[in-house]
Every structure is written in C-alpha cells, then in structure tokens.
1. If ligands, DNA and RNA are left out, what is the accessible area of ARG67 with a 1.4 Å probe, given in Å² to the nearest 10?
2. Taking the Cβ of GLN65 as the center, what net charge do the other residues with Cβ under 11 Å away carry, scoring Lys and Arg +1 and Asp and Glu -1?
3. Can you tell me, using C-alpha contacts under 8 Å and at least 6 residues apart, the relative contact order of the stretch 32-189 as a whole percent?
4. Working only with C-alpha atoms, what are the Rg and Dmax values of the stretch 18-72, expressed in angstrom?
5. Per 0.36 nm of contour for each residue apart, how much would the distance between ALA153 and SER52 grow if the chain were fully extended, relative to their Cα-Cα spacing?
6. Under a 1.4 angstrom probe, counting protein chains only, how are LEU163, LEU205 ranked by accessible area, largest first?
7. LYS12 accessible area, nearest 10 Å², 1.4 Å probe?
8. Enumerate the residues in the stretch 155-189 having an amide nitrogen under 12 Å from the point lying 7 Å beyond the Cα of VAL108 toward its Cβ.
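The values are calculated or read from the model by the stated rules, or taken from the named source; none is laboratory data. These numbers come from a predicted model, not from an experiment. Quick reminder, even Gly has a Cβ in these numbers, built from the backbone with ideal geometry, and neighbours come from all protein chains shown. With ligands, DNA and RNA removed, areas are computed over all heavy atoms of the protein, side chains included. Shrake-Rupley method; radii C 1.70, N 1.55, O 1.52, S 1.80 Å.
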Amino acid sequence: MARTSGPETRRKLLRAAAELFAVKGVDGALTRDITRLAGQSNPSAVQYHFGSRQGLLEAVMADRQVRTEAALAPRLAELLARPEADPPDLRELLAALVAAEATELATVGGRHCLLISAQLSHESGVRTRTPHPTLDGTGYWRLICRVEDCLGALPEPVRLERLDLALTLIGAALGDRARQYLDGTRPLTDEPLFLADLVGMTTALLRAPAPTTTATTPTTAPTPTPPDVPSTAMPSTDTRSTDPHPPGRPQ
C-alpha cells in the first residue's frame, strides 16, 4: 500500500467518515470501518489525526460548516447591510439559510454531510441560545438570531422551540433530498421548486399564531368510551314451530 502524507490521510479519513456516518448513522458507523474505507492499515489513524471518533465527527461537520459559511456570506452581508427602516423579513432570512445549506446537494460529499446534519439538528443549541461549538461565532448563527428577532410576538418558550423545530424541518428535508440523489431516485419536484416550497413551509410554520392554552388544555379527563360489546342476547324460548315454507314461496 502506498504511503500517504498526513494531510492526505486526514482527507481520506474525513471522506470515509462522512460516507459511513451518513449511510450507517452517527451511532452506527464503526471506527475500524472508517479506517478500512479510508485505506489505512493503522487502526489508530483516527485517534492520531482527530483524537477520537467524536473528534472525527466534529471535524467532518466543521468542514461542512466552512463550506456553508462561504456560500452564505455574500447574501448575509447584503441582508445585514439593509437600513433599519427596511430590515429583511422572515422569508428573506430563511431563503438565505436554505440556499446556503442547499449548496451541499451539489456533491456526493455534501450530500453525505446533509444526511449527517439531519441526525444532529437537535444539537444546534437553539433552545438554550448556546450554540454548538461548530456554530459559535458563525454567520449561520447570526442569521438564526435574526430569524428569532422576527418572532418577537411569540412567547419565548414557544419561539425557541418553534425555531428549533423549523431548523429540524429544513435539515430533514435537505437530508431526504440528498438521499434521493445518492440513491438515484427521481424526486417529485425539481430542485428550485423544492427549495422554494421548503422556504414557504418553514415561513408558515414560524408565522403561525401563538397557541392559546385554554383551547388545548382540557379541564377534566374525558370519559373513556367503552368498546362495542358483542350481543349476548339469549336465544328465543318460543317453541312454536317455524314454517320452513312461508306463504308466497314455492315449496
């Protein structure tokens, strides 16, 4: 086996890890399988280059975030440069976020990363306003904060939970599209329509009116409805004979 340099080995491990984390799951991919797919005979290669399996996963996602930041930066700069009298609205912010995320659909490696992100969307830190280290200080996190600013009419718990669920929806939808591309399945919609619909769905989710607790919290527990009971009627005790040939019927 040809000997590879440190940077090249690292790249091979990152590519192999992205594929297996996507296909077998973040919890299902084994370090030895990643090492084997990367063509490395040293079983300690992951530990040497990344410290641990978790370190490898974080490196995969950090690389992905670098690409997303590069795609997002120009549009985000335009939106944030708008005057206070004409701030970007919710749909514009979400469109910028979705467009940047969707650039990963263009490559096999990016599609793998979208499948991984769909598994990790709950770790963003939105619900506690504590960004994951991969997102801390990024334009992506600034954009998320601007999206939250558009939801000021909602109570804070509802606002944060709904925002987290909206990001989960975006991640799941992009992951589903990535899987179709990888599997060779023809999607129902073309990519521009899919992305426009995703922005529209997410905007509608976030703009939904705040719920009212009085309408959704019952004051008393409902009375359970008993299941249908088969008839247990006793057979008739009438001993009169029944004419097997009633009038009007041929005998």
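1. ARG67 exposes around 100 Å² with every protein chain in place.
2. Numbers: positive: ARG64, ARG67; negative: GLU58, ASP63, GLU69, GLU101, GLU104, ASP136.
Spelling it out: positives minus negatives among the neighbours equals -4.
3. It comes to 24 percent, rounded to a whole number.
4. In Å, with Rg to one decimal and Dmax whole: 12.1, 38.
5. Answer, rounded to one decimal: 32.0 nm.
6. LEU205, LEU163
7. The accessible area comes out at roughly 60 Å².
8. 182-183
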